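Enquirer: Here it is, the structure in full.
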Amino acid sequence: MSMNHQSERLETMIADGSGPILVTFHNGKCEDGICGIQNDYFDRTASDLRESSARFEHIDLDVSPELTAKYRIDTLPTAILFVDGKVETRLSGLTDPGVLACTVLAHVKEGAELMARSGNICPLPQVAA
């Protein structure tokens with residue numbers, strides 16, 4: 001199956017290695033339910049972390065069904081954090097915005113500073129400068 005623009009964009013983002021990418025995978029069948037809620041959480045997290053080096057991407061599996069097998073998506077919604085071109089963390093099902101934020105902040109240099117300003121508390125490992 002050939003890649004479409006959405007798939008190509010994602011693969012380019014993953015390959016370029018310029019900061020972590022949190023990707024949410026969903027489809028039209030669950031948009032009015034749990035995927036819609038997750039997309040709201042995801043968008044809120046992306047907005048809260050807009051000052052970070054992280055990037056955020058929505059993927060509609062109706063548009064890019066080949067990514068279902070490639071990234072072993074068996075539950076919707078699923079969020080995957082890519083770091084340095086590799087899958088770092090996989091979150092399946094409805095995931096709280098705080099968990100999404102903590103997952104991303106653990107992989108950005110400015111994570112501790114952003115948490116302190118927002119009042120968000122996450123158990124963060126040390127991130128190398």
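Read-outs throughout are calculated quantities, based only on the coordinates presented, and are distinct from any laboratory measurement. Just so it is clear, the structure is predicted and the values come from calculations on it, not from any experiment. We place every Cβ from the backbone using ideal geometry, glycine too, and count neighbours over all the protein chains shown.
Enquirer: So if I take the alpha carbon set of the range 1-109, get Rg, then get Rh from the Kirkwood formula, what is the Rg over Rh ratio? Numbers along the way, then the final one.
Expert: Details: Rg = 12.9 Å, Rh = 13.8 Å.
Reported Rg/Rh, Kirkwood definition of Rh: 0.93.
Enquirer: Also: Given H placed 1.01 Å from N in the peptide plane, which residues other than close sequence neighbours of Leu49 have an amide H under 5 Å from its amide H?
Expert: none
Enquirer: Rounded to the nearest 5, what % of the DSSP beta bridges within the range 5-118 are antiparallel ones? Each step should come with its number before you reach the end.
Expert: Working: 11 of 17 bridges.
Looking only at bridges with both residues in the range 5-118, the antiparallel portion is about 65 percent.
Enquirer: Which ³J(HN,Hα) values, rounded to whole Hz and listed in residue order, are derived for the range 48-60 from phi using the Karplus coefficients 6.51, -1.76 and 1.60 in 6.51 cos²θ - 1.76 cosθ + 1.60 with θ = phi - 60°, glycine and proline given as x?
Expert: 4, 9, 4, 7, 8, 7, 6, 10, 10, 9, 8, 10, 8
Enquirer: For Arg55, what residues show an amide H to amide H distance below 5 Å, using hydrogens built from the backbone and excluding near sequence neighbours?
Expert: Correct list: Ile21, Leu22.
Enquirer: What is the fewest-to-most order of Glu8, Glu57 by other Cβ atoms lying within 10 Å of their Cβ?
Expert: Listed from fewest to most nearby Cβ atoms, that is Glu8, Glu57.
Enquirer: Treat each spin label as a single point 7 Å out from the Cα along the C-beta direction, and report the Lys86 to Asp60 distance in nm.
Expert: Simple spin-label model gives 3.3 nm for this pair.
Enquirer: Among the trypsin sites (Lys or Arg not before Pro) within the range 13-113, which fall in a DSSP loop and have no more than 15 other Cβ atoms within 10 Å of their own Cβ?
Expert: Arg50, Arg72, Lys109
Enquirer: Could you size up the charge dipole of the range 5-118 around its Cα centre, putting +1 on the beta carbon of Lys and Arg and -1 on that of Asp and Glu, and report it in debye to the nearest 20?
Expert: In total the dipole reaches around 260 debye.
Enquirer: Can you compute 3J(HN,Hα) from phi for each residue in the range 11-18, using the Karplus curve 6.51 cos²θ - 1.76 cosθ + 1.60 with θ = phi - 60°, rounded to whole Hz and x for Gly and Pro?
Expert: 4, 5, 4, 5, 6, 6, x, 9
Enquirer: What ³J(HN,Hα) values, in whole Hz, does the Karplus curve 6.51 cos²θ - 1.76 cosθ + 1.60 give for the range 80-86 when θ = phi - 60°, with x put for Gly and Pro?
Expert: Going residue by residue, I get 10, 9, 9, 10, 6, x, 10 Hz, with x marking Gly and Pro.
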